[in-house]
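What follows is a short report on a single structure.
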């Protein structure tokens, strides 16, 4: 497993990703930004843009060995040349989510909501990376990052729609959905 990687998502007037749209699915939106920069490996100060969201990669907390092996076998890397569309979906879960034990959260995520199995059905078309913000004291617990080709945009919408219909999403108290296009594509 790779060591944790600190990642800052900087919304502002500059960056390789152009913001196509932002929607507040649940709770407050983020301030408007035209572009997004993804800065890996170092912290970025608040002055760098309209907003900065920080998270870190971590160990896979809810997967079992066969699921992990399937993810590793099918998960494409980020920055593929044809993947000119992306989504950043910051999520904060409710205190009742965090009151659950690890095994109770696993039961909600996979046994009842089928989050991992659902996501596997969309690989390798959609590359993804999860960033944890809660452990860093950030506003959002999770920063979910996805990259995909324009031809896969409809399938990505289907994936997100399916996940939002699950029991797991009843614990989401804030979710912002940013859709992005690689600038110059």
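Which of the residues spanning region 164-181 are surrounded by fewer than 19 Cβ atoms within 10 Å (Cβ to Cβ) and out of contact with any strand residue (DSSP E or B) (no Cβ under 6 Å at 6 or more places or on another chain)?
164, 165, 166, 167, 169, 170, listed by residue number.
Pairs only if they're at least six apart or on different chains, beta carbon under 9 angstrom, first in region 1-14 and without any contact (Cβ under 8 Å) to a residue 12 or more places away in the chain, second in a loop (DSSP other than H, G, I, E, B); list them, first residue then second.
3/57
Which of the residues spanning region 57-98 are farther than 20 Å from residue 126 by Cα, at pLDDT 90 or above and within 16 Å of the chain's Cα centre (by Cα)?
92, 93
For region 71-146, list the helices (runs of 4 or more DSSP H) that sit wholly inside it and hold at least 3 residues that are surrounded by 14 or more Cβ atoms within 10 Å (Cβ to Cβ); which are they? Spell out how you get there, then give the answer.
On the way: elements: 95-99, 102-106, 115-120.
In region 71-146, 115-120 are the helices (runs of 4 or more DSSP H) which contain 3 or more residues that are surrounded by 14 or more Cβ atoms within 10 Å (Cβ to Cβ).
Would you mind stating whether residue 68 is surrounded by fewer than 16 Cβ atoms within 10 Å (Cβ to Cβ) and part of a loop (DSSP other than H, G, I, E, B)? Spell out the reasoning first.
Working: surrounded by fewer than 16 Cβ atoms within 10 Å (Cβ to Cβ): yes; part of a loop (DSSP other than H, G, I, E, B): no.
Judged against the criteria, residue 68 is not a match.
Among the residues in region 8-26, are any exposed (fewer than 10 other Cβ atoms within 10 Å of the Cβ), at pLDDT 95 or above and within 21 Å of residue 163 (Cβ to Cβ)?
Yes: region 8-26 contains one or more residues that are exposed (fewer than 10 other Cβ atoms within 10 Å of the Cβ), at pLDDT 95 or above and within 21 Å of residue 163 (Cβ to Cβ).
Within the set of pairs 6+ apart or on separate chains, which have a first residue in region 70-89 that is on the phi < 0 side of the Ramachandran plot, a second that is part of a loop (DSSP other than H, G, I, E, B), and C-beta atoms under 6 Å apart?
That search, which allows pairs on different chains as well, returns 74/123; 74/124; 75/123; 76/124; 82/149; 83/149; 84/185.
Criterion first (surrounded by 14 or more Cβ atoms within 10 Å (Cβ to Cβ), out of contact with any strand residue (DSSP E or B) (no Cβ under 7 Å at 6 or more places or on another chain), without any contact (Cβ under 8 Å) to a residue 24 or more places away in the chain and over 17 Å from residue 140 (Cβ atoms)) does residue 60 satisfy it?
Considered against the rule, which asks whether it is surrounded by 14 or more Cβ atoms within 10 Å (Cβ to Cβ), out of contact with any strand residue (DSSP E or B) (no Cβ under 7 Å at 6 or more places or on another chain), without any contact (Cβ under 8 Å) to a residue 24 or more places away in the chain and over 17 Å from residue 140 (Cβ atoms), residue 60 comes out as yes.
Every residue in region 154-185 that is in a loop (DSSP other than H, G, I, E, B) and touching a helix residue (DSSP H, G or I) at 6+ places or on another chain (Cβ under 9 Å), please.
Narrowing region 154-185 to residues in a loop (DSSP other than H, G, I, E, B): 165-166, 183-185.
Once the filter is applied, which keeps residues that are in a loop (DSSP other than H, G, I, E, B) and touching a helix residue (DSSP H, G or I) at 6+ places or on another chain (Cβ under 9 Å), region 154-185 yields 166, 185.
The values are calculated or read from the model by the stated rules, or taken from the named source; none is laboratory data. Because the structure is predicted, anything quoted here is derived from the model rather than measured. A quick note on method: Cβ atoms are made from the backbone with ideal geometry, for glycine too, and the neighbour counts reach across all protein chains shown.
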